[in-house]
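Right, one structure below, let's go through it.
The values are calculated or read from the model by the stated rules, or taken from the named source; none is laboratory data. Given the structure is predicted, the values throughout are model-derived calculations rather than measurements. Using ideal geometry, Cβ is built from the backbone for each residue, glycine included, and neighbour counts are taken over all protein chains shown. The accessibility values were calculated without ligands, DNA or RNA, using every heavy atom of the protein model including side chains. Shrake-Rupley method; radii C 1.70, N 1.55, O 1.52, S 1.80 Å.
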Amino acid sequence: MIIATNRHAQVNVNLGAIKQNVKRQIDSFDKDVDVFGVVKANGYGHGMVPVAQAILQAGAKGLCVAMIDEALELRQQGILCPILVLGIQEPSLAALAAEYNISLPVGDLNWLKQASSYLKPAQQLKIHLAVDSGMGRIGFMEASQMPEIEDYLLNHQNQFEVEGLFTHFATADEADDTYFNYQVSRFNAVKKDLRLKPKYIHMTNSATSLFHHEVHGNMVRIGIGFYGLNPSSSPSAPDLALPYDLTPALSLTSELVFVKEITPKMGVSYGATYQADENQWIGTIPVGYADGWSRKMQGFKVKVGDEYCPIVGRVCMDQFMVKLSKPYPVGTQVTLISDNPNDSNSVTKVADYLDTIHYEVICGLTPRLKRVYHNSIESE
Ligand SMILES: *Cc1c(COP(=O)(O)O)cnc(C)c1O
């Protein structure tokens, strides 16, 4: 997708805030815990490479991504740290992963056997054994499967280095910890009898880091917390409060590109669903659902200058309209998403309005929006 560099619309990313969030979380763990930053999905919409560099500068030891293409892009940009891919990849990619020193997850024996046939002589692939302790997504389901896997791996140590053993929690953001504890016990059952000694045991995402701090191995995988947002599935009424402040790093801003007065009966946007009953000032903003600004945002109030103005009519692919109280000049700044958590157009309020989670709002901002980086907080 083409980046619209000439349009006055941008995702602003505060790398200073990200570094501060990283440092706070690193400080919350003992020194022997290696903190990895999760930068999948374009760094949760913030721009993968600049965010990855900031996270590493702030002291993280490695990075996690969802798929190998993201890992390869990091390597292409000269990032040399350990990188773990979190999703299952084609076994045929084993050689490419080994060549670029990228670690892959493994969830069944068959995958290992296939990957083994693709590795070139003298190549060794770093792997993390995924344990499905209750997420129901990827990984070995039962402790009883492990002896066979371990036998295979002990016989193929030249091809596979078992770097990690990990699991992922389904309910770490919820106050009721029954299911969480069930997953912990299932994971422990696998860990207990393991003959292999992986360098890393890990199970911590942001929610686990923030709300179950006592449960962690010697590596953690932090995503949303580094971007300054609560992992909760109900953004503005989280089950669990953050133990310390996080600073949101992203805002979305644009400008009025057109301002006009409409007369009664004049409709606004597709379907002419909005009609003025009196003369009204309407402003047009050059952002739409092709940028990840959902059609469901109709009715939400964005900030024009110092005033919150409602979106009227349907959000189009590349533009939307707001009702203004007066004829603001073309070029007036519009804040669609604020990085101030107290504003009524914060990421949290947008997520609520869309009846979704923080994650979906930020990683849905498409690459057409340019990313502009700043450092508003001097990180200590
Ligand atoms: C995405 C992901 C994470 C990061 O989750 P956050 O909630 O953003 O911290 C960690 N582990 C796995 C397996 C993931 O898929």
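Would you confirm whether or not the range 281-299 contains a residue that is touching a residue at least 12 places away in the same chain (Cβ under 8 Å), of a type in the set (Ser, Thr, Tyr) and not in a strand (DSSP E or B)?
Yes, because at least one residue in the range 281-299 is touching a residue at least 12 places away in the same chain (Cβ under 8 Å), of a type in the set (Ser, Thr, Tyr) and not in a strand (DSSP E or B).
Every residue, every condition in (1) farther than 26 Å from residue 3 by Cα; (2) assigned by TED's automatic domain parsing to the domain that holds residue 349; (3) open to solvent by less than 30 Å² (accessible area, probe 1.4 Å); (4) under 35 Å from the mean Cα position of the chain (by Cα), yes or no:
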residue: 272; (1), (2), (3), (4): yes, yes, no, no
residue: 281; (1), (2), (3), (4): yes, yes, no, no
residue: 284; (1), (2), (3), (4): no, yes, yes, yes
residue: 288; (1), (2), (3), (4): no, yes, yes, yes
residue: 296; (1), (2), (3), (4): no, yes, no, yes
residue: 304; (1), (2), (3), (4): no, yes, yes, yes
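Kindly indicate whether any position in the range 327-346 is charged (D, E, K, R) and open to solvent by 60 Å² or more (accessible area, probe 1.4 Å).
no
Just one of 42, 21 is over 13 Å from the mean Cα position of the chain (by Cα) and within 14 Å of the ligand (Cβ to nearest atom); which is it?
21
Condition (residue is modelled with pLDDT of 95 or more, within 16 Å of the ligand (Cβ to nearest atom), among the aromatic types (Phe, Trp, Tyr) and in contact with a Ser or Thr (Cβ under 8 Å, 6 or more places away or on another chain)) applied to the range 159-176: is it met by at least one residue?
Looking for residues that are modelled with pLDDT of 95 or more, within 16 Å of the ligand (Cβ to nearest atom), among the aromatic types (Phe, Trp, Tyr) and in contact with a Ser or Thr (Cβ under 8 Å, 6 or more places away or on another chain), one finds at least one in the range 159-176, hence yes.
Residues checked against (1) farther than 16 Å from residue 221 by Cα; (2) in contact (Cβ under 8 Å) with a residue 40 or more places away in the chain:
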{"position": "1", "(1), (2)": "yes, yes"}
{"position": "15", "(1), (2)": "yes, yes"}
{"position": "24", "(1), (2)": "no, yes"}
{"position": "48", "(1), (2)": "no, no"}
{"position": "58", "(1), (2)": "no, yes"}
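Among the listed residues 119, 104, 96, identify the single one that is of a type outside the set (Asp, Glu) and either over 29 Å from residue 49 (Cα atoms) or open to solvent by less than 10 Å² (accessible area, probe 1.4 Å) (or both).
104
Look through 223, 299 and report the one residue that is over 30 Å from residue 37 (Cα atoms) and at pLDDT 95 or above.
Being over 30 Å from residue 37 (Cα atoms) and at pLDDT 95 or above holds for just one of 223, 299, which is 299.
Against the definition (more than 25 Å from residue 354 (Cα to Cα), hydrophobic (A, V, I, L, M, F, W, C) and buried (at least 23 other Cβ atoms within 10 Å of the Cβ)), how does residue 257 come out, yes or no?
No, not satisfied.
Residue 233 - would you say it is modelled with pLDDT under 95 and within 13 Å of the ligand (Cβ to nearest atom)?
Judged against the criteria, residue 233 is a match.
Tally time: how many residues in the range 21-48 are open to solvent by 50 Å² or more (accessible area, probe 1.4 Å), closer than 19 Å to residue 246 by Cβ and not basic (Lys, Arg)?
Adding up the residues that qualify gives 1.
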